[in-house]
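Peer 1: Below is one structure. I have some questions about it.
The values are calculated or read from the model by the stated rules, or taken from the named source; none is laboratory data. Every value quoted in this text rests on a predicted model; they were computed, and no experiment measured them. Note that each Cβ is placed from the backbone with ideal geometry, even for glycine, and that neighbours are counted across all protein chains shown. Protein only, heavy atoms only, side chains kept; ligands, DNA and RNA dropped before computing areas. Shrake-Rupley method; radii C 1.70, N 1.55, O 1.52, S 1.80 Å.
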Amino acid sequence: MATLGNNRSVTHQAWGLMCNKTSFTCKEIAQLLNVKTNQIVGLTRTLLRKNAIEIIERRAKDKGYIYRACIERQLLTVDQPKVRKSPRRRKMSTRSQQLWNAIRIHRVFTVTLLKTTTDASESLINNYVWHLEKSGLVRRVTRTTNATGKSCVKFRLAIDLGRLYPKTQRGGMWDQNKQTFYPFKDENDE
């Protein structure tokens, strides 16, 4: 039997035999080369895809096919398939996921802090934090004035839902981790 080291030579020998015969079966080629029939079946599938061989006849009672070489031996190089590692793709997180990660890390935060630690715009941050606050996932802690004289609100994470960020939906926030809906609270509820 052929070993893994000489697969390439078996492939070339098999292709040579296929070109020299007027017709062949996978079993014939495998017996001539003293290899497993499955190895030749894989090669014939590859050659069929490349239009190097064609099926002449289907044998009775599922005994396989009879093939014929379509192109000359020199025109086709049959190598083992090259396994190419695809480059590792870096998954880009969404702005909302970045905001949620920053909120979970800091626990107590301001809009300015989120703006400096994420790629999100200030309007997106304000909108997302407003939705989180309205659904009860974050709470206002204090309102102070910062060094420039602007009003600054500190928020605290009230409910840590987990790794995935809560999605804004009509009427509330959807927790992707536990598949739970947190409805917006009215001002009267507080």
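Peer 1: Residues of the range 111-160 being open to solvent by 20 Å² or more (accessible area, probe 1.4 Å) and part of a loop (DSSP other than H, G, I, E, B), which ones?
Peer 2: If the condition is that a residue be open to solvent by 20 Å² or more (accessible area, probe 1.4 Å) and part of a loop (DSSP other than H, G, I, E, B), then ASP119, SER121, ASN146, ALA147, THR148, GLY149, LYS150, ALA158, ILE159, ASP160 are the ones that fit.
Peer 1: From the list SER123, SER151, pick out the single residue that is closer than 23 Å to GLN169 by Cβ and at pLDDT below 95.
Peer 2: Answer to the check: SER123.
Peer 1: For ASN20, are the conditions met, namely being without any contact (Cβ under 8 Å) to a residue 60 or more places away in the chain and under 35 Å from the mean Cα position of the chain (by Cα)?
Peer 2: Working: without any contact (Cβ under 8 Å) to a residue 60 or more places away in the chain: yes; under 35 Å from the mean Cα position of the chain (by Cα): no.
No.
Peer 1: Within the range 126-178, can you find the residues that are touching a residue at least 60 places away in the same chain (Cβ under 8 Å) and either outside the structural domain of ARG104 (by the TED database) or touching a strand residue (DSSP E or B) at 6+ places or on another chain (Cβ under 6 Å) (or both)?
Peer 2: Selection gives PRO166, LYS167.
Peer 1: Please find, among ARG45, ARG58, the residue that is at pLDDT 85 or above and among the basic types (Lys, Arg).
Peer 2: ARG45
Peer 1: For the range 87-110, name all the residues that are among the hydrophobic types (A, V, I, L, M, F, W, C) and at pLDDT 90 or above.
Peer 2: The answer is LEU99, TRP100, ALA102, ILE103, ILE105, VAL108, PHE109.
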